[in-house]
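For reference, the structure discussed in these notes is given below.
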Amino acid sequence: MGAAREYMRSRERVGAQEDHLKDLLLRGLSGDGVAYHAFLKALSAFLRAFLRGRLARVPDEVEDLVQETLLAIHNQRHTYDASQPLTAWMHAIARYKMIDFLRRRAGREAMNDPLSDDDELLAASDEEAREARRDLATLLERLPDRQRLPILHVKIQGLSVAETAKLTGLSESAVKIGVHRGLKALAAFVRK
């Protein structure tokens, strides 16, 4: 019973952290510079822990990657949908930045570092991750291949537009259009 209680306390702490960060971000997006600064400062601590745990072999690179990820989050802040969990959005950006870093390192050794899809920035449960993947797969199945495949390869697997074009036989323009139209269609499915 003690383990269950501790798990519930942990989930409450994670939920409180999520709510606090989301509040700071939303206030920052509304023009509160102090709140936005506090958001970035708090987020940097989470990112540092997230990346340190996954890049233990290259600890000197962690701080640069934290800064790069913070910049990406800052540049993409307008894409955050307040009706969605902040954790998932931040995790996706951090994970893509980490994958980009590992690709740049170009060593096959680095590409063998485990990148578990179940890891989450603020430690959401495995069950929630499985449900989210199942829901996403269900939504993606509703899209035609010309939209589903570009989203799958570019947005989920992290391939470049050029790599996706080569893999699918679509032009690079068609890949970009497929991603744009597919995301728009997914948003419409979710709203319904």
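Within segment 113-149, the only residue that satisfies the criterion of being modelled with pLDDT of 85 or more and either in contact with a Ser or Thr (Cβ under 6 Å, 6 or more places away or on another chain) or under 24 Å from residue 53 (Cα atoms) (or both) is 149. Residues that are within 24 Å of residue 100 (Cα to Cα) and in contact (Cβ under 8 Å) with a residue 24 or more places away in the chain within segment 133-176 comprise 147, 148, 149, 150, 151, 154, 155, 158, 170, 174, 175, 176, listed in sequence order. Residues of segment 150-188 that are in contact with a Ser or Thr (Cβ under 7 Å, 6 or more places away or on another chain) and within 21 Å of residue 93 (Cβ to Cβ): 150, 153, 154, 175. From 183, 170, grab the single residue that is at pLDDT 85 or above and assigned to a helix (DSSP H, G or I). Answer to the check: 183. Among the residues of segment 19-48, the ones that are exposed (fewer than 12 other Cβ atoms within 10 Å of the Cβ) and assigned to a helix (DSSP H, G or I) come to 5 in all.
The values are calculated or read from the model by the stated rules, or taken from the named source; none is laboratory data. Values in this document were obtained by computation on a predicted structure and should not be read as measured data. Please note: Cβ atoms are built from the backbone with ideal geometry, for glycine as well, and neighbour counts cover all protein chains shown.
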